[in-house]
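Asks: The structure that follows is given in the form of structure tokens.
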Amino acid sequence: MTAWTRRQIGGLVGGALLGVAAPHIARGQGRPRVIVIGGGIGGATVARYLADLKSIDVTLVEPNSAHVTCFFSNLYLAGLRSLASLTFDLETLAERHGITIIRDSAVAIDAPGKGVELQGGAKLSYDRLVVAPGIAFKFAEIEGYDEAAAKIMPHAWIAGSQSELLRRQLKSMDDGGVFVIAAPPNPFRCPPAPYERASLVAYYFKQFKPKSKILILDAKDRFSGQELFQDAWSRHYPGMIEWLPSQFTGAIKAVDVAARSVVTEGETFRAAVANIIPAQKAGLIGEKAGLTDASGWCPVDPVTFESTLQPGIHVVGDSIIGGDMPKSAFSANSQAKACAFAIAASLTGSPQFPPHLFNSCYTFLAPDDAFTNALTFAPEGGRIKTVKMLISKVGESAEARRRTARHAVGWYSAFTADVFGGGS
Ligand SMILES: Cc1cc2nc3c(=O)[nH]c(=O)nc-3n(C[C@H](O)[C@H](O)[C@H](O)COP(=O)(O)OP(=O)(O)OC[C@H]3O[C@@H](n4cnc5c(N)ncnc54)[C@H](O)[C@@H]3O)c2cc1C
């Protein structure tokens, strides 16, 4: 018997690039077929939870062979984790969970015809489609900043080579330099993360480049966890971190890559290292497929995560308009599980339960000082609303913060095993 292995299917699709006729990969025989676009946190979780039901044929389309997590990437920037420890091979999802993985990018979606076209030329058909492409950047909002400029002034807001570049620049920066972080307007991926980055880079500077400073040029006047961060900055890094809200400087307007300078409405700042985090929108395939509205994000039904614009297509993760849910890995994972069970109910008649939506984030202020928040959500009136919120407080004991930092490390292992199907 001849059977295509999952790796061969990846090769077959790649073959289209070399001029082989584009294959038409048919729906799974007998079992309904779900295609998932994007093998990051949201996409990998949906694929894994659907595949584990054994009654649905699941195909995951993702150009990368491994996922590097953005969460904990600020620890990498500070030299506290290796990038390898943040990297997860997607093949585990194929080997342990029976998911077909195609290494390619989706370039078009035919919603009425239930088909997806890949960059390599293949056309896939589906019964249900899940789109989880994460974020894209609104480059046009900062004059002079584009993909090429990001190779000199990294955003490091998608982990991997961008994180490596920023780490290299921080390591080679002279002591006494200014590290500028341009923090984006709302809504954006992981609201506390620019300020966690400032904290952990300050920790690194304190040890190796103590005369250096960090300047945060913010597009906002307030930010998530502000009191907790400002308290920690005065305790751990007095005089090292300056935060300039939008009301003082105006948002960042332009960058001059050659001069390494950042221009706001009223001032120009020279940076030894510049980390430009642009405004964000849904991953590009969302826009191309007509899944986004005027906000640039994808509206969805808060129970099933089905698009309100394109029936039969579900969207999870950072690309959605998530109501009160922040754009975080925990949120993406929680939405993905609710979405998987809703799809299973519609395709196989399994029971449909009300979704349980959570977010719990750990944020590092220093290696042994972390804070946490835990939120529960529920659909109400067509949007996702907060039901309950617990957050760490200023003035907690050092022991409580150390414990939270230890919990964060445990959470990371358990969470990534849940998403990428690893662990024992
Ligand atoms: C510095 C930083 C720190 C963070 N810390 C935390 C934290 O502590 N806790 C937390 O919960 N969250 C954290 N986050 C946020 C978290 O990383 C994101 O919210 C999460 O990754 C979103 O998951 P997603 O599936 O929507 O997108 P992603 O995980 O980015 O996955 C999107 C995937 O889609 C693929 N893709 C895109 N377009 C296509 C296409 N056309 N075809 C095929 N594939 C495609 C991409 O290659 C990518 O693999 C942090 C983020 C940053 C930047």
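Asks: Could you give the distance between the Cα centres of region 48-109 and region 306-332, to the whole Å?
Replies: When both Cα centres are located, 18 Å separates them.
Asks: Still on this structure, please answer the following. Which value, in Å² and to the nearest 10, is the accessible area of residue 236 when all protein chains are kept and the probe is 1.4 Å?
Replies: Its heavy atoms expose roughly 40 Å² to the probe.
Asks: Another question about this same structure. Which ³J(HN,Hα) values in Hz, rounded to whole numbers, follow from the phi angles of region 128-134 under the Karplus curve 6.51 cos²θ - 1.76 cosθ + 1.60, where θ = phi - 60° and Gly and Pro get x?
Replies: 9, 10, 10, 10, 9, x, x
Asks: Given springs between every Cα pair under 10 Å in a Gaussian network model of the chain, which of 389, 240, 153 has the largest fluctuation?
Replies: For the chain, modelled as a Gaussian network with Cα springs under 10 Å, the answer is 389.
Asks: What percentages make up the Cα-Cα pair-distance distribution of the chain when the bins are 20 Å wide from 0?
Replies: 26, 56, 18, 0
Asks: Under 5 Å between amide hydrogens, which residues at least 5 positions from residue 101 or on another chain qualify, with H placed 1.01 Å from N in the peptide plane?
Replies: For residue 101, the qualifying residues are 60.
Asks: Hey, another quick one. Run the 1.4 Å probe and let me know the accessible area of residue 208, rounded to the nearest 10 Å².
Replies: 130
Asks: In µm²/s, what is D for region 216-361 at 37 °C and 0.692 mPa s, where D = kT/(6 pi eta Rh) by Stokes-Einstein and Rh is the Kirkwood radius from Cα pairs?
Replies: So the translational diffusion coefficient is about 179 µm²/s.
Asks: Would you kindly derive the ³J(HN,Hα) couplings of region 278-289 from the backbone phi angles with the Karplus curve 6.51 cos²θ - 1.76 cosθ + 1.60 (θ = phi - 60°), listing them in order in whole Hz, with x for Gly and Pro?
Replies: With coefficients 6.51, -1.76 and 1.60, one gets x, 4, 10, 8, 5, x, 4, 5, x, 5, 4, 8 Hz.
Asks: Determine the calculated [θ] at 222 nm for the chain from helices alone, applying -39500 (n - 2.57) to every DSSP H run no shorter than 4 residues and normalising by the residue count; nearest 500 deg cm²/dmol. Show your work: numbers first, answer last.
Replies: Values: 11 runs with 126 residues, N = 424.
Taken over the chain, the calculation gives -9000 deg cm²/dmol.
Asks: Report, by chain and number, residues whose modeled amide H sits under 5 Å from the one on residue 143, excluding near sequence neighbours (fewer than 5 apart, same chain).
Replies: Under 5 Å from the amide H of residue 143: 254, 255.
Asks: Give me a comma-separated list of calculated 3J(HN,Hα) values for region 329-338, in order, Karplus coefficients 6.51, -1.76, 1.60 applied at θ = phi - 60°, integers in Hz, x for any Gly or Pro.
Replies: Values per residue, Gly and Pro as x: 5, 4, 4, 4, 5, 5, 4, 4, 5, 4 Hz.
Asks: Which one of 326, 133, 351 has the biggest mean-square fluctuation once the chain is modelled by GNM with Cα springs under 10 Å?
Replies: The residue that fluctuates most here is 351.
Asks: Further question on the same structure: Pick from 62, 396, 287: which residue has the top mean-square fluctuation in a GNM of the chain where Cα pairs under 10 Å get a spring?
Replies: Comparing 62, 396, 287 in the GNM, the peak value goes to 396.
Asks: Heavy atoms only, probe 1.4 angstrom, no DNA, RNA or ligands counted: give me 298, 361 ranked by accessible area, highest first.
Replies: On the way: 298 0, 361 25 Å².
So the residues, ranked largest to smallest area, are 361, 298.
Asks: Please give me the summed charge of the neighbours of residue 246: other residues whose Cβ is under 14 Å from its Cβ, Lys and Arg +1, Asp and Glu -1. Mind dumping the intermediate values first?
Replies: Numbers: positive: 220, 222, 253; negative: 141, 218, 221, 265, 267.
It works out to a net charge of -2.
Asks: Going down the list 114/281; 337/393; 206/393; 171/206, which pairs span over 20 Å between their C-alpha atoms?
Replies: Too far apart for the 20 Å limit: 114/281; 337/393; 206/393.
Asks: Protein chains only, probe 1.4 Å: how do 268, 348, 100 rank by accessible area, largest first?
Replies: On the way: 268 90, 348 60, 100 25 Å².
The ordering from most to least exposed comes out as 268, 348, 100.
The values are calculated or read from the model by the stated rules, or taken from the named source; none is laboratory data. This is a predicted model, so every value here is computed, not measured. A quick note on method: Cβ atoms are made from the backbone with ideal geometry, for glycine too, and the neighbour counts reach across all protein chains shown. Surface areas here come from the heavy atoms of the whole protein model, side chains and all, with no ligands, DNA or RNA. Shrake-Rupley method; radii C 1.70, N 1.55, O 1.52, S 1.80 Å.
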